[in-house]
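The structure appears right after this line, and notes come after that.
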Amino acid sequence: MDFECTIVSSLCKVFPGGENIEEMRDKTVTGLKGETLSFQIAYRQNAGGRGRGSVKVISPIADKVHVRIVNLVPCEYPCHRKRDGGYLAHRPGLYPDRLSEITQWGFPLVDGQWRCLWIDVETDEKMEAGEYPVKIRMEAQGGVLGEPQVTCRVVDCVLPALPIPHTEWFHSDCLAEYYRVEVFSERHWEIIRAFVESAAKHRCNMLLTPVFTPPLDTAVGGERPTVQLVDVTVREGKYEFGFERLRRWVDMARECGIEYFEFSHLFTQWGAKAAPKIMAVEDGTYRQIFGWDTDASGAEYREFLHLFLAALKRELGEMRIEKKCYFHISDEPSMEHLESYQKAWETVAPELEGYEMIDALSHYDFYEKGLVGQPVCAVDAIQPFLEKRPERLWCYYCTSQCVDVPNRFIVLPGYRTRILGTLLYKYRLDGFLHWGYNFYYSERSLYPVDPYRNTDADGAFPSGDSFLVYPGADGKPEESIRQMLMDEAMSDYCAFLALEKLAGRERVLELIDEKKVTFDDYPQEEAYLLRLRGRVNEEIAKLVNQA
C-alpha cells in the first residue's frame, strides 16, 4: 500500500514508528456549542521518496474546520529517572507536540514514517445542533491519497464558561527576549496580546500580571529582564506610583477574554526572604531600589509595601476589578521557610484583608496556621488537604509531580493531561495553576533557550513542563497538542456542569466513577475519557430535548 491513513483521537500521540497508534473506533466527535472538537489523521507514505500533500475540507461546516500539522520536537530530557510505568517513552528523541499551519507547500510526506494532521472543529454558540459530515481529502500530485471522514455531532446546549480560575503563568520577559524587542514597546504589546489571546481561547482565564518583575525561577543574586508595569518615583524619600501601563495591561487582557488577575509575588521564591527586583526613578536616575539584598522583613520594604498596596487597591477599585484579583506572597515555600514566610505574611496581611491570597505549596501547616487563604496544592500532596478540606482549595503540578498523577509532559499519554478536568470537578477544586505558559529560559533563568531546539529548560525539567506554546516567527504563538488537551480538560469540566444543572451532581459522579478516579489512580486508557464525554453529551442532549 503506497499510502495509508487512519483516524485517531486527540488523546493519541503518534510516534513515527506508529507503535502506539490506536484507531478511533467510533468515527464521531461530539460536543456542546462553543466547544472545540478535535481529532487526528495519522498517515504514512510507503511509496519511497519524499513529497508534500495538500488538504481540502469537504463539509457543510468547512468554515469551522481548522487543519494543522503535528510536528515532531526534540526531547533531550523527556522525563526524570523517577517515574512510573505509564510514560510513552523515556529515551531522548523526537516526539509529537507542536502544531503548525499548513503552508502553500502543503504537509510533509515522509517515506516510511507515521505523521499526523490535527483537525479542530470550532463550533460556536449560534451553530445549529445536529450532525455534520467532515471529510478531509488528502491529495498529492493531483491524485487523492485518502478521504477520511468523521461525523461531527453538536448537542443543542451551550458549553458553560469555566467558573473557576485557570492560570498558566505568563512570562512577558521571555517574549521580549526571544523576539528581541524593547519591553513594552508597541511591538512587544502586539506580541503579548497574541499570546494572551491564545491562552484565553483555550480556557485559560487568569493572567499573571507583573506589577513588578516576577521573582520566579531566578537564581539567588540573579535577575530577569525588567517587566514592571507600575512606575515608581522617589522624591525626597517619598514614593509615587504610576499605573498607566497596568491599566493598559488590564484593558488588553479583558478584551482578550481574561477574567481574573493574579499579581506577581511580593517576595522572592522558596522562602520569602528578600524583595523582588523593583525599579524606580530617583533623583532623575532609573535604578533598582529593592532586590536580593533587601531584607523582606525590614522596615524600609515594609513601608514601601504599605504605600504601594494602598495605592494599588485604589487603582483596582477605579478599574472595578478588585473582586477578580489575587495576590501571592512567595512561591513553593517548604517547612524550612515557615518562619520567613510567616513574617512576610504578617507584613501584607493587614493591607490585603478582603482580597484573595493564593500560593503554591505542599504542606498543610501553612494553611493550618492561617498563612494561606487559598492553598494551591501539588497534586501528589493533596490528600491531607482533601481530608481536612480548606474552604477553598486549588491544585497545581510541575516538574516534581512525575509519578502516577496527572501532568502534561510531552511523553505522557494524552489522557494523563485531560483527566485533570474530571478530577477538578469530582473534588470540587476552586482553581488550577501551572507555572509555565511560555518560559523560554534555562532553569533559574540563567540564559535564554530556543524552545524549538530545547524543550526542557536545558536539561532541567521534563520536556514540555516549561511551556505550552512555541514562539512563532511572526510574533504569534504556535500551539501544542498539550494546549489542546488542556482545553479539552477544561471543556470536560464545563460539560459536567451543564449536565449537573439538568440532572444533578450525583448523576455526573455516577458517570465519572464508573471506574476508580483519584489523583494517583485513574483509568490508564483513552477509552474511558472518550466514553465518559460521550455519555455526558448523550444525557445532555436527551434532557434538553425533553425540556
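For the chain, the residue among THR30, PHE15, TYR239 whose Cα projects farthest onto the positive side of the dipole built from Cβ charges is THR30.
Leaving ligands, DNA and RNA out of it, report the carbon-plus-sulfur percent of the accessible area of the chain at a 1.4 Å probe. Ligands and nucleic acids excluded, carbon and sulfur give 45 percent. Evaluated with a Cβ-only charge set (Lys, Arg +1; Asp, Glu -1), the chain carries a dipole of roughly 1080 debye about its Cα centre, given to the nearest 20.
Compared with the direct C-alpha span, the chain from LYS82 to ARG187 gains 33.6 nm at full extension, assuming 0.36 nm per residue. Among rounded, prolate and oblate, which fits segment 6-124 when a ≥ b ≥ c are the square roots of the eigenvalues of its C-alpha gyration tensor, a/c under 1.5 means rounded, and a/b larger than b/c means prolate? Verdict is oblate for segment 6-124.
Charge dipole of segment 429-547 (Cα centre as origin; +1 on each Lys and Arg Cβ, -1 on each Asp and Glu Cβ, all else neutral): 320 debye, rounded to the nearest 20. Accessible surface ranking for GLU255, GLU514, 1.4 angstrom probe, highest first: GLU255, GLU514.
Label separation (ALA547 vs VAL281): 5.6 nm, computed from points 7 Å beyond Cα along the C-beta direction.
Ordering THR6, PRO165, ASN407 by the projection of their Cα atoms onto the charge dipole of the chain, which places +1 on the Cβ of Lys and Arg and -1 on the Cβ of Asp and Glu, puts THR6 at the extreme positive end.
Solvent exposure of the chain amounts to 41 Å² per residue of accessible area, where only protein heavy atoms count and the probe is 1.4 Å.
Could you name the lysines whose alpha carbon sits less than 28 Å from that of LYS27, not counting residues in the same chain fewer than 8 places away? Excluding near neighbours in sequence, the set is LYS13, LYS56, LYS64, LYS126, LYS135, LYS201, LYS515, LYS516, LYS542. Surface listing: LEU485, LEU94 arranged by accessible area from highest to lowest gives LEU94, LEU485, probe 1.4 Å.
Ordering LEU532, VAL281, ILE191 by Cα displacement along the dipole of the chain toward the positive end leaves LEU532 in first place; charges were set at the Cβ atoms of Lys, Arg (+1) and Asp, Glu (-1).
The values are calculated or read from the model by the stated rules, or taken from the named source; none is laboratory data. Note that the coordinates shown come from a computational prediction; the quantities given were computed from them, not determined experimentally. Don't worry about glycine lacking a Cβ; one is built from the backbone with ideal geometry, like all the others, and counts go over all protein chains shown. The area values use the complete protein model at the heavy-atom level, side chains included, leaving out ligands, DNA and RNA. Shrake-Rupley method; radii C 1.70, N 1.55, O 1.52, S 1.80 Å.
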